[in-house]
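Student: One structure follows; several queries about it will come next.
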Amino acid sequence: MATLVASGSSLNIPSGSGTERVRRAVLQGNTSTNTLLTGVAGHLYTVISIVCAEQQNLAGTIQIHIANGTNTTSLVSSQAIGKMEVFVWNDKFVLEEDDVLTVYNSTTDNDWYISYIDQDWT
C-alpha cells in the first residue's frame, strides 16, 4: 500500500508578490549520479521537462529521484536508454525549498537538460 506524505505543511509560503522566471540547467558529460537542481529557501520550482541524451554510444539505464532530506522518491527508476538515444520526461511536478533533484545514468557520458519555472518569494 502506498503512503501519501503531505508536503509543505511546515513551510512558510508567503502570500505576497514575488517574481517568476523560466530557467534551465544543464549537466554535460554526467558519469554517474549528480544533482540537477537544488531547492533554495523562499523558492518554488515547477519542472517543465527533463531531457537525457546518451552520448557514449552504449545502451544503459537512467534514474530520476527527488530527496527532501528525509525521504527519497523515485520518479524514474531503471529506465532503459539505447545508445545515442534521447529520453524526455515532460510531466510537470513541483520542487520545494528543501528538495534535491538527482539524476543517474549507468553509462559514463550522458547530457541532462532541465527547464523549469522558478517562483522567488524572498
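The values are calculated or read from the model by the stated rules, or taken from the named source; none is laboratory data. Just so we're clear, the structure is a prediction, and the values are computed from it rather than from any experiment. Reconstructed Cβ throughout: ideal geometry from the backbone, glycine too, with neighbour counts over all protein chains shown.
Student: Taking the stretch 28-45 as the search range and keeping residues that are over 26 Å from residue 117 (Cβ atoms) and in a loop (DSSP other than H, G, I, E, B), which one is farthest from the chain's Cα centre (by Cα)? Walk me through how you get there before you give the answer.
Tutor: Step one: list which residues in the stretch 28-45 are over 26 Å from residue 117 (Cβ atoms), which gives 29, 31-32.
Narrowing further to those that are in a loop (DSSP other than H, G, I, E, B): 31-32.
Numbers: 31: 17, 32: 15 Å.
Looking at residues that are over 26 Å from residue 117 (Cβ atoms) and in a loop (DSSP other than H, G, I, E, B), I get 31.
Student: Here is a follow-up. Give me a count of the residues in the stretch 1-45 that are touching a Leu at 6+ places or on another chain (Cβ under 8 Å) and modelled with pLDDT of 80 or more. Let's see the steps before the verdict.
Tutor: At the first step, the residues of the stretch 1-45 found to be touching a Leu at 6+ places or on another chain (Cβ under 8 Å) are 13, 25, 27, 34-39, 44-45.
Filter once more, so that each one left must be modelled with pLDDT of 80 or more: 25, 27, 34-39, 44-45.
Matching residues across the stretch 1-45 total 10.
Student: Filter the strands (runs of 3 or more DSSP E) completely within the stretch 46-101 down to those with at least 1 residues that are more than 11 Å from the chain's Cα centre (by Cα), surrounded by 14 or more Cβ atoms within 10 Å (Cβ to Cβ) and polar (S, T, N, Q). Before you say what the answer is, go through the steps one by one.
Tutor: On the way: elements: 60-67, 72-81, 86-89, 93-95.
Of the strands (runs of 3 or more DSSP E) lying wholly inside the stretch 46-101, those with at least 1 residues that are more than 11 Å from the chain's Cα centre (by Cα), surrounded by 14 or more Cβ atoms within 10 Å (Cβ to Cβ) and polar (S, T, N, Q) span 60-67, 72-81.
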